[in-house]
Amino acid sequence: MHISWDEYFMSVALLSAKRSKDPNTKVGACIVNEDKRIIGIGYNGFPFGCSDDVYPWCNDKSSFLDSKYPYVVHAEPNAILNSTSSLKGATLFVTLFPCNECAKLIIQSGIKEVVYMDDKYNETEAIKASIRMFTSANVKMRKMKKLEVSINETDL
């Protein structure tokens, strides 16, 4: 069986998402340069030195400081920070459409295309802001269907 480049890179993003300890939303990202080389990967998690045993994974928005929201670094900035070379003209494969905060970083880093699988928050203002910024900055957005790819030991 032969998979496409899109399937390959999104599979890397999905595998990266499995590193996240977030019980509700596991997100993974894979950045690829124009030569189809992986130059950055990331997943959502706490910053280095901030222990999972100390910081909450709760998503209760009524108590900001006791929720994950002020502490979690999203998959996209982690992939950007983990990158090994220039991101100019690169493509980001991400399992969930980027929020407005991530969109700003994606644009500033020089990434020119975002390929995503899920856009479950597409009606929120944060996502509408992302789309507006991506459109203004000429960042291409492309939704990818769910992958049909599975890896079995017999495939290896």
Which condition number does residue 41 fail, the rest of (1) out of contact with any helix residue (DSSP H, G or I) (no Cβ under 8 Å at 6 or more places or on another chain); (2) of a type outside the set (Gly, Ala, Ser); (3) not in a loop (DSSP other than H, G, I, E, B) being met?
(1)
Residues being of a type outside the set (Ser, Thr, Tyr) and without any contact (Cβ under 8 Å) to a residue 40 or more places away in the chain: count how many of those fall in region 1-56.
23
Residues of region 102-135 being among the basic types (Lys, Arg), more than 19 Å from residue 9 (Cα to Cα) and in contact (Cβ under 8 Å) with a residue 24 or more places away in the chain, in sequence order, are 104, 120
Name the helices (runs of 4 or more DSSP H) wholly inside region 51-156 in which the number of residues that are open to solvent by 80 Å² or more (accessible area, probe 1.4 Å) and under 22 Å from residue 17 (Cβ atoms) is 2 or more.
100-109
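The values are calculated or read from the model by the stated rules, or taken from the named source; none is laboratory data. Computed from a prediction, not measured in an experiment: that's the story for all the values here. Here the Cβ is made from the backbone with ideal geometry for all residues, glycine too, and neighbour counts use every protein chain on show. Please note that ligands, DNA and RNA were not included when accessible areas were found on the heavy atoms of the full protein model with its side chains. Shrake-Rupley method; radii C 1.70, N 1.55, O 1.52, S 1.80 Å.
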